[in-house]
Amino acid sequence: MNTYYRDESRAFVSVTGLRKSYGAHRVLDGIDLSIPQGTVFSLLGPNGAGKTTMVQILSTLIKADAGELRVAGHDLSREPDQVRAAIGVTGQFSAVDGFLTGEENLRLMADLLHLGRAEGRRRAGELLERFDLTGAAGRPAAAYSGGMRRRLDLAMTMVGTPRLIFLDEPTTGLDPRSRRTMWQIVRDLVRQDGVTIFLTTQYLEEADELADRVALLSQGRLVAEGAPEELKRMVPGGHVVVRLADLDGYRRAVSLVGASSHDEESLTVQIPDTGVGALRALLELLDAQAVDVAELSMRKPGLDDVFLALTEESAR
């Protein structure tokens with residue numbers, strides 16, 4: 001299969017001034033965003049922030065109160081059928097029928113999409129192979145592991161060859177190996193097929209691994225948007241952790257380096273990361289005082305730091 005080259009100059013999803021209220025409660029309050037074709041966009045936010053409502057609106061399940069919304073070049077309010085033809089939804093809870101086999105689930109989806117019997121069989125076989133389910137094709141889906149069910153669920157979404165997939169909590173409850181398998185499948189869908197992914201997840205590591213751009217939703221508003229590395233630079237919190245070789249060296253280091261925190265049990269001191277020059281000076285100081293360093297590590301802020309800092313600020 002040929003590798004797809006993304007077109008980042010073209011917005012596949014365009015949202016301007018999106019608003020949605022339920023009674024007096026405004027769930028989405030003036031959302032603007034643009035998602036390029038063939039990329040992974042991740043929407044993060046605390047429970048109740050409005051993530052599910054935004055997905056429901058963009059997937060045509062409910063209507064917005066206001067805003068200009070386009071998906072795959074189609075206006076959501078005037079051309080909902082064309083939008084539905086371009087999208088697929090893989091929800092947090094599997095839509096797999098446990099009484100049917102893996103192949104029967106896929107052929108049922110093909111029938112619902114009116115692909116025809118021969119084309120449905122061909123498409124089912126193709127997807128079973130692609131998602132590494134050929135060996136389990138004749139087994140009831142109820143006997144599948146959690147990872148296999150999620151792969152089958154995503155394969156069912158792919159029967160209609162969607163150009164945009166809403167992927168909600170794709171690895172909830174999966175073991176680390178199954179989670180990484182799902183991540184690779186998502187990457188392949190983007191790289192090989194040019195599929196655009198709209199990802200919602202509670203695993204910030206997942207967004208960091210997969211997303212080209214991340215938006216953080218809080219109190220119905222987008223409080224930050226950018227590439228994961230851009231967002232990490234928005235908050236302080238980087239530090240250097242030094243583990244000393246012995247208790248005497250630890251006690252002297254605590255008084256020498258102005259540690260922001262320290263732990264005698266692990267013989268570690270933590271110092272704010274202020275750059276390479278400061279790190280060099282720290283090591284020279286400890287060496288000059290004959291303090292032996294057993295280990296040194298650096299920690300940069302992660303998406304979890306961004307999430308906690310910005311959602312807390314928004315809530316205040």
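General remarks:
- The Cα atoms of the stretch 239-300 give a gyration tensor whose axes a ≥ b ≥ c have a/c of 1.5 or more with a/b no greater than b/c, which makes the shape oblate.
- Placed amide H near residue 40: partners under 5 Å, 5+ positions off or other chain: 197, 212, 213
- Full extension of the chain between residue 95 and residue 121 gives 7.4 nm of extra length, using 0.36 nm per residue less the Cα-Cα distance.
- Computed per residue of the chain from DSSP H runs no shorter than four, each worth -39500 (n - 2.57), the mean residue ellipticity at 222 nm is -11500 deg cm²/dmol.
- Residue among 271, 293, 254 farthest towards the positive dipole end of the stretch 239-300, charges placed on Cβ: 271
- Highest-fluctuation residue, 53, 90, 16 considered, GNM on the chain with Cα pairs under 10 Å: 16
- Computed magnitude of the charge dipole of the stretch 8-77 (debye, nearest 20; Cβ of K, R +1, Cβ of D, E -1): 160 debye
- Computed about its Cα centre, the charge dipole of the stretch 239-300 is approximately 280 debye, with only Lys, Arg, Asp and Glu carrying charge at their Cβ.
- Cα centre as origin, Lys/Arg/Asp/Glu Cβ charges: the chain dipole, Debye: 1120 debye
- Mean Cβ neighbour count within 10 Å, used as a protection proxy, ranking 122-134, 194-206, 254-266 highest first: 194-206, 122-134, 254-266
- Antiparallel bridges, percent of DSSP beta bridges restricted to the chain (to nearest 5): 70 percent
- Packing rank of 217-223, 76-82, 240-246, where each peptide gets the mean count of other beta carbons within 10 Å, highest leading: 217-223, 240-246, 76-82
- Here's the list of lysines a cross-link from residue 20 could span, going by alpha-carbon distance under 19 Å and ignoring same-chain residues fewer than 8 apart: 51, 63.
- At full extension, residue 32 and residue 300 could sit 93.6 nm farther apart than now, given 0.36 nm per residue minus the alpha carbon distance.
- Ordering of 288-300, 108-120 by burial proxy (mean other Cβ atoms within 10 Å per residue, highest first): 108-120, 288-300
- Annotation: aspartates and glutamates with alpha-carbon distance below 17 angstrom to residue 232 (same-chain offsets under eight excluded): 205, 206, 208, 209, 212, 273, 304, 305, 312, 313.
Coordinate-derived values only; no laboratory data. Computed from a prediction, not measured in an experiment: that's the story for all the values here. All Cβ positions, even for glycine, are placed from backbone atoms using ideal geometry, and neighbour counts span all protein chains on display.
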